[in-house]
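Please treat every number below as a calculation from the coordinates, not as lab data. Everything numeric here is computed off the predicted structure, so don't read it as measured data. Cβ placement follows ideal geometry from the backbone for every residue including glycine, while neighbour counts extend to all protein chains displayed.
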Amino acid sequence: MDERGDGVPGVGITRGRFLATLALAGVAGGVSLGCEPGGRVRSLLPLRPRGGEWAFRSRPDLSPPAVTVVRRSERTAPGYVFVAPKNGPEETGPGQRGTLIVDDDGMPVWFRPLPGEVVDAMDFKVQRYKGHPVLTWWQGPHTTYGLGEYALFDGSYREVTRVRAGGGYLADLHEILITTKDTALITIYGPVPHDLTPVAGPANGKAAEGVLQEIDIASGEVLFEWHSLDHVGIEESYFPPPEDPAEPFDYFHVNSIEVDHDENLIISARKTSAAYKIDRESGEVMWRLGGKRGDFRMGEGTPTRFQHDARRRPDGTLTIFDNGEEGEHELSRAIVLRLDEAAMSADLVREYVHTGRPLSVTQGNAQTLPNGNAFVGWGSEPGFSEFHEDGELLFDANFPRGVESYRAFRFPWVGMPADAPSVAAEPGPNPGEISVHASWNGATEISSWGILAGPSPDRLKSLGRVSRSGFETPMAARTDEPYVGVEAIDRRGQVLGRSAAIRPGERSYPSPA
C-alpha cells in the first residue's frame with residue numbers, strides 16, 4: 001500500500017504532525033533535529049510502545065501488544081521468541097491478535113495480524129517441511145477447542161500450504177506436529193452421541209472425544225486416525241459433564257502429540273490428568289502416566305493436574321507443563337520425569353517454578369532448548385520465561401494485562417521478506433529537514449538503514465546510514481531533493497532491499513495480508 005497526501009487526515013503527514021512524531025521518537029525540548037556536524041543523516045531516539053501496544057509510522061496497519069522484558073541473561077539460548085497473542089477469556093488486552101516474533105528486548109521482529117474478533121492464532125512455532133524451516137500455526141474460531149486449519153509459511157513469509165483435517169472434521173488449535181516424513185499429526189475435537197450415565201449424565205448425551213489424525217501434507221490424505229472413546233472411558237475424567245445436556249462433554253481434552261523414540265505416540269489429556277502412549281499401528285494404549293488408571297508408580301512430586309505438553313527429550317526423560325488445580329496448588333510448573341518402563345516407575349528429575357507467577361489455570365508449554373535450557377510459556381498467565389537447566393531463571397517477559405499466548409517458544413530464525421521495506425517521510429520545521437521512519441516486517445538480517453534522496457524516483461543517491469534500532473528505525477536528514485527512500489543493509493554492507501521512492505508527507509508500505 002502506498003499512502004500519500006497533502007495534509008488530509010489519515011492520509012498524508014503534515015508539518016504540524018512532524019513535531020508529534022519527534023515526541024513519539026523520544027525527541028523532546030532541548031534536543032535538536034539537526035544532523036551532527038558535517039553529517040547529513042542521524043538517528044532519532046527509538047520509538048516506545050504506549051498504552052501497552054506498538055504504533056509505527058511506516059506500518060500504521062500493525063499494532064501488536066507490547067512485550068515487557070523484566071529479566072535477561074547472556075546464558076539464554078540463541079534465537080527469537082515465538083508467540084501468538086490473543087485476548088484472555090475474561091479480559092480484552094491492547095493490540096492486535098496474530099502471530100508475533102520478538103527479540104530478547106521484547107521488540108517485534110515480525111507480526112501478522114489476523115482479521116476479525118473471532119479468529120485467533122495458536123501454537124505458533126518453527127518446524128521443518130521438505131528439508132526447510134517453516135512457520136506453522138493454527139488459526140480459526142475457538143472456545144476451549146478450535147474449529148480451524150493450520151498454516152505453513154516460508155522464510156519469505158509466503159504461504160506454502162494449508163493443512164486441514166480430513167473426514168469432515170475441523171482442525172483443533174492444540175497441536176500440529178510435522179514429522180520427519182513430512183506428515184502432520186493434528187488434534188481434533190469430535191462431538192458424538194454418548195451415554196453419560198457412568199458420570200451421572202444423561203443416557204442420550206454427547207461427548208467431545210479426542211481425535212488424532214496423521215495427514216500427508218502434500219496430498220491431504222489421512223494416514224492414521226485415533227479416537228479416544230475407543231480406548232479411554234469417560235469415567236477417567238476428573239471433570240463432571242456439563243449442566244446443559246446439549247453441550248458435548250469434553251471429558252478428555254487432548255492438548256499435545258509427541259512422536260516417541262520408537263515411532264509410537266505420546267499424547268497429553270488435560271481432563272484426565274494423564275499422558276498416554278499409543279501404538280501407532282493398532283491405536284491401543286501402551287501405558288498411562290498418571291490419572292485414575294495410571295500404570296506407573298509415581299514418585300514424590302511426579303503427579304500432575306490438568307497438564308499440557310508432554311514431550312520426550314533426547315535423553316529419554318519426559319517434560320510436562322503441570323498447570324495444577326485451583327484451590328489445591330499455588331503455582332504451575334514445568335517438570336522433567338524419568339520413566340523406567342521396565343519397572344513402570346516415574347521419578348522427578350527437576351522442576352521449573354516461577355514464584356512470581358500465579359497458577360496458570362489453562363494452556364502453557366515447556367520446550368527443551370538445544371543448550372539444555374527450558375523455555376516455558378505460562379499460558380493463561382500472560383508471559384514466558386527461560387530457565388537454566390539447573391532451575392535458575394534467566395529470562396522473563398510479560399504481555400500487557402488481558403493478553404495471553406497458548407504456547408511460547410524460542411527458535412533460531414532467518415527471515416527475508418518478499419515485499420519491499422516500508423518508509424514514512426515527514427517534512428521538518430525548517431527548510432531542508434526531514435524525518436524518515438524505516439521498517440521491514442520480518443527481516444532479521446538488517447544491521448543499518450540508509451536514507452536515499454534524489455530529483456526523481458529513479459535517481460536516488462545515498463545520504464548516509466544509521467544503525468537499526470528495533471522494528472522501526474527513526475532517522476533525520478537534510479536534503480532539498482523532492483524524493484526520498486530507504487535501503488536495508490546487512491552487517492557486511494550489502495543492500496538487502498530498497499523501499500519505494502516517496503515525497504516528504506507520504507508513506508509506502510505493503511497492503512495487509
I want to confirm something. Restricting to the range 134-172 and keeping residues that are in contact (Cβ under 8 Å) with a residue 40 or more places away in the chain, surrounded by fewer than 16 Cβ atoms within 10 Å (Cβ to Cβ) and small (Gly, Ala, Ser), which single residue is nearest to ALA443 (Cα to Cα)?
SER156
Go through the residues of the range 265-288 one by one and say whether even a single one is surrounded by fewer than 24 Cβ atoms within 10 Å (Cβ to Cβ), closer than 23 Å to GLY377 by Cβ and among the charged types (D, E, K, R).
yes
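Against the condition over 23 Å from the mean Cα position of the chain (by Cα) and more than 23 Å from ASP154 (Cα to Cα), how does LEU496 come out, does it pass? Reasoning before the result, please.
Working: over 23 Å from the mean Cα position of the chain (by Cα): yes; more than 23 Å from ASP154 (Cα to Cα): no.
Here the answer is no, as LEU496 does not meet what is asked.
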Over the range 358-377, the set of residues outside any strand (DSSP E or B) and touching a strand residue (DSSP E or B) at 6+ places or on another chain (Cβ under 7 Å) is GLN363, GLY364, LEU369, ASN373
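From ARG357, ARG333, ARG288, grab the single residue that is free of Cβ contacts under 8 Å to residues at least 24 places away in the same chain, within 24 Å of PRO85 (Cβ to Cβ) and of a type in the set (D, E, K, R).
ARG333
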When TYR406 is evaluated against the numbered criteria (1) in contact (Cβ under 8 Å) with a residue 60 or more places away in the chain; (2) within 30 Å of LEU45 (Cβ to Cβ); (3) of a type outside the set (A, V, I, L, M), which criterion, by number, is the only one it fails?
(2)
Among (1) within 25 Å of ASP262 (Cα to Cα); (2) assigned to a strand (DSSP E or B), where does PRO303 come up short?
(2)
In the range 339-358, the residues that are over 19 Å from TYR276 (Cβ atoms) and either of a type in the set (S, T, N, Q) or touching a helix residue (DSSP H, G or I) at 6+ places or on another chain (Cβ under 6 Å) (or both):
THR355
For residues that are of a type in the set (A, V, I, L, M), touching a residue at least 40 places away in the same chain (Cβ under 8 Å) and part of a strand (DSSP E or B), scanning just the range 106-133, find the one that is farthest from VAL163 (Cα to Cα).
VAL109
